[in-house]
Amino acid sequence: MRSRRKPPCAAHLIILILCSLLLSTTVTARPFVLVLSQDDLKDGPVDESPDDPSSVADWDEFGESDARSDDDLDPGSWRPIFEPDESNSNSAEEFPINPQLEEYYSSVRKMVAAVSDGGRAMEDVASEIESAAATGNPHAQSLLGFLYNTGMARERSGAKAFMYHHFAADSGNMQSKLALAYTYSRQDVYDKAVILYAELAEAAVNSFLISKDSPVIEPVRIHSGAEENKEALRKSRGEEDEDFQILEYQAQKGNAVAMYKIGIFYYFGLRGVRRDHAKALWWFSKAVDKGEPRSMELLGEIYARGAGVKRNYTKALEWLTLASKQKLYSAYNGMGYLYVKGYGVEQKNYTKAKEYFEKAAENEEAGGHYNLGVMYLKGIGVKKDVKLACKYFIVAANAGQPKAFYQLAKMFHTGIGLKKNLPMATSLYKLVAERGPWSSLSRWALEAYLKGEIGKAFLLYSRMAELGYEVAQSNAAWILDKFGEASMCMGESGFCTDAERHQRAHSLWWQASEQGNEHAALLIGDAYYYGRGTERDYDRAADAYMHAKSQSNAQAMFNLGYMHEHGQGLPLDLHLAKRYYDQALEIDPAAKLPVMLALASLWVRRNYANSFMVDLIDSLPGVYPKADEWIKNVVMEEGNATILTLFVCLLTVLYLRERQRRQVAAGGGGGGGVAPPPLRPNDNVAPLVN
């Protein structure tokens, strides 16, 4: 991150870009924050030639190439397995592919089946994949790299995983390129990571819409801390979700807004709904018949992209024009795009395109600012002005426009308009690249999890984790911890042993913590502190807690205070311990009770050092597990608990009867005596001590 030094007020390009749309907010990585200061801007004339032309992607927003399908952008995708094109076939087995790909997809199907039925055939599947990889099949090589990386039916080997991913990436497998890019970025080899992420981000932006921003389809975090994220999962049940069914009922009854929303769900595959362009087209057409204007714009997108229908730029322009007349200003972006490309019109018209982009920008459409930035960056119909282009890109990025992040990444990468900064370029490219068509893995993993197919979900999340998706790393690790053997984790030979499962979960949590997941960092610290799945190491525990503490995690601050108090992995320092305890309370008021107890312990330790009270306090951590175990194994056992309850009741009855007998005796016991007054409910309750 750049310095937050405040530059001169005259610098109009200073801005804080908060990418809150790109990350979820529940038990998640920290939001990506990009700060651009005067130091990032080039002084003097702008050098418009990149430092290394060979390292820059050739993609041009307004170039001659057409948008490509997801299958073209992500060759070797598992889409034919998990999302077969029903318009071409009725089953995945009949999907029209060449013989080499048929062999590869046959192996993928067998692998998925193996993790679903207990992994009995996984070794045979791995051998089949290895044979296909030996013939030079890049997709089989990518799959074999995945097996070596995870230690699934093969001895875990990062070197072999890297080698096979390298071969696959050289032959065009995009997911292997993503895996390599993530590996390089973890090692801070930014000169190589940035090139791969640039190519991947280029492919991702090719899948984006031309007029409006695609909705942010973030991988769903299936857990919230240690518990299942029930609310997020409830909203992701697709067509079985009650809210979706109500919406569908309203649409069937003629509600135009409901028709549009159903179309959106099918077009983008939102909230667990299986993406279906044909159904989306049908619902948008029905909504348009009812006068719903937003569906007009989406129909323009569909015809321009050829999604579920034959591409027709003339119809696309007609629908976008109708939408713009309904004051849907984002439609101006699509119209301008068609004019600048010369699609659906007699000839290219840069002047008209610029007018449409300006109309969109004037109405606070981020796409309008972005498209104007491209025109000034490339000098299309206007005088080239890189500084002005940079200004437009920053405004668009501040509004969450993903293509603007891509252009800013290119500027940091090439040193054009902004000072060269490869780490920043890598981070921005990665944000865009992870929105590419390979992100569909998350949708399929969630679908499997909701169906109770835990092994299949774990397999898919593991594949995504290898590609660098923090949410997938977190989800896969949580499944291992939550479901244990039921996670269907496959090891080198058969199911994972406890040691293999703990080691794999530890690795996944660690990767997630590197990307800012504070919950993962806390779990890593706990693993080292208690020796769970690894050797006990207080120094590493302290490092992990420090990482979580840097993200304002109250539990980590409390743990650091405890370690300072006892000199475990950190210097014995009661003053620092108190500071951490106080900070934990400031961050989370719910920590008041444990913090007060900890501060009381500090007071005793400071004022009664080397006394029996300190020894008593230090013995409590050892006593608690034994007491807890005794309660669980002895007291809470069904038979023992019943006997103990009856015994306590008997003692209580005997005590009360003896107390009553003594009170009667104290009153004289004779016939002429005065009977004691009846007991009131609170007579036997000890007075409260103020």
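Would you work out the charge dipole size for segment 103-171 about its Cα centre, treating the Cβ of every Lys and Arg as +1 and the Cβ of every Asp and Glu as -1, and quote it to the nearest 20 debye?
Using Cβ point charges on Lys, Arg, Asp and Glu, segment 103-171 gives about 160 debye.
Suppose we look only past 20 Å in the calculated P(r) of segment 221-323. What percent of the Cα-Cα pairs does that tail hold?
Values: 2260 of 5253 pairs.
Within segment 221-323, distances greater than 20 Å cover 43 percent of Cα pairs.
Given just the C-alpha atoms of segment 286-433, how large is their convex hull per residue in cubic angstrom?
About 115 Å³ per residue, rounded to a whole number.
When the Cα centres of segment 229-265 and segment 509-582 are compared, how far apart do they sit, in Å?
Cα centroid to Cα centroid, the span is 43 Å.
Pull up all non-local amide H partners of Met490: gap of 5 or more, or a different chain, and H-to-H distance under 5 Å with H placed in the peptide plane.
Cys496
Between segment 170-200 and segment 402-471, how far is it from one alpha carbon centroid to the other, in angstrom?
Distance between centres, Cα-based: 11 Å.
For Cα pairs less than 8 Å apart in space and 6+ apart in sequence, what is the mean separation divided by the residue count of segment 223-420, i.e. the relative contact order in percent?
Normalised by residue count, the contact order of segment 223-420 is 9 percent.
Using every pair of alpha-carbon atoms in segment 448-494, split the distances into 10 Å bins beginning at 0 and state the percent of pairs per bin, rounded to integers.
Spelled out bin by bin, segment 448-494 gives 30, 57, 13 percent.
Going highest first, how would you order 334-341, 285-292, 501-508 by mean Cβ packing within 10 Å?
Working: 334-341: 25.6, 285-292: 17.5, 501-508: 21.0.
Result, highest mean Cβ count within 10 Å first: 334-341, 501-508, 285-292.
Can you give the direction-averaged projected area of the convex hull of the alpha-carbon atoms in segment 350-504, in nm²?
Averaging across all directions leaves 12.1 nm² for the Cα convex hull.
The numbers here are math on the coordinates, done by the rules we state, and not lab data. Nothing here was measured: the structure is a model prediction, and the numbers come from that model. Neighbour counts are summed over all protein chains in view; Cβ atoms, including those assigned to glycine, are modelled from backbone coordinates with ideal geometry.
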